[in-house]
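Have a look at the structure below before the remarks.
The values are calculated or read from the model by the stated rules, or taken from the named source; none is laboratory data. As the structure is a computational prediction, the values presented were derived from the model and not from experiment. A quick note on method: Cβ atoms are made from the backbone with ideal geometry, for glycine too, and the neighbour counts reach across all protein chains shown. For the accessible areas, the whole protein counts, side chains as well, though only heavy atoms, and no ligand, DNA or RNA atoms are used. Shrake-Rupley method; radii C 1.70, N 1.55, O 1.52, S 1.80 Å.
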Amino acid sequence: MRKEGHTKVRGWRWRRNPLRRHSDVVEARIVLAAWAAAIVGGAVGGAVVAQAVDGAVEHDRMGRRPVSAVMVSDAPSGTRDVTTGVKYDQVTAKVRWTDSHGVLRTDETTVKGGSTAGATVTVWTDGRGHLVSGPIGSAEATARVGLAGAGAGLAGGLLVLTGGLMVRLRMERRATEQWGVEWDQVGPQWGRKTS
C-alpha cells in the first residue's frame, strides 16, 4: 500500500482560486514587503553602522601618537608560567618621556624583559600626554568594522521580519475570530434537529 504524500503548492496565494481569501493576498503582500524591507534595510543599516564604526576606529587610531621614552630602571627578565612553562618576555617597568607640551612625565608600561635603564622604548600617548595602548592593526580594525556592520544588518533585518510576523499573526487572529462569528451564524443551520 502506497502512502499519499502532501504536495505543497508554491505561490498559491498569488494564483486565482475561488477559495483564496482577501486576507491571503494581504498576508502574501506583507510577507513580500517584510522580506524586501529586511534585506534592503538590513544592508543599508549594516553599511551605515560599518561606516560609523570605521570613522570611530580611525579617529581612535589618529588620536594615538608614538613617543620615545627612556627606561628609568632596569626591567626584570621575562617570567615563566609555572603551570604551562610558557615564557613571557613582556614585563611592566617605569619609563619617562616628554609630552607634546614639554611636560616631563613618568609612568609604567609594558616593555621587553631584561631591558636596561637608559634604553629607549616607544610608547603611545593620547592627546593629553597620558599613556595608552598602541593603535589596533588594520586587520583588527577591518574585523571590527565588518562584525559591527554584519551584526547591525542582521539585527535590523530580524527586527523588520519580527514586525512582519506580528502583523501576520494579528491578521490571522482576526480572520479566525471572523470565521468563528460566521460559523456561529451558519453552523446551527447545518446541524441535525432531533425531536
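Please report, in whole Å³, the volume per residue of the convex hull around the C-alpha atoms of the chain. Don't skip to the answer; put the middle values down first.
Working: hull volume 65.7 nm³, N = 195.
Looking at the chain, the number lands at 337 Å³ per residue.
Can you tell me the 0 to 90 degree angle between the C-alpha axis of helix 138-190 and the longest principal axis of the chain, rounded to 10?
Computed tilt is about 20 degrees.
When the chain is modelled as a GNM with alpha-carbon springs shorter than 10 Å, which of 130, 59, 22 fluctuates the most?
Answer for the Gaussian network model of the chain: 22.
Search the structure for amide H atoms under 5 Å from the amide H of residue 119, placed 1.01 Å from N in the peptide plane, and list their residues when 5 or more places away or on another chain.
The list, which skips near neighbours in sequence, is 71.
In the neighborhood of residue 58, defined by Cβ-to-Cβ distances under 12 Å, what is the net charge if each Lys or Arg adds +1 and each Asp or Glu adds -1?
That sum, taken over residues with Cβ under 12 Å, equals +1.
May I ask you to rank 19, 154 by accessible area, largest first, using a 1.4 Å probe over the protein chains only?
Working: 19 150, 154 115 Å².
Ranked from most to least accessible, the order is 19, 154.
What net charge do the residues around residue 178 carry, taking every other residue with its C-beta under 13 Å from that of residue 178, with Lys and Arg at +1 and Asp and Glu at -1?
Working: positive: 21, 170, 173, 174; negative: 172, 177, 182, 184.
Cβ neighbours under 13 Å give a net charge of 0.
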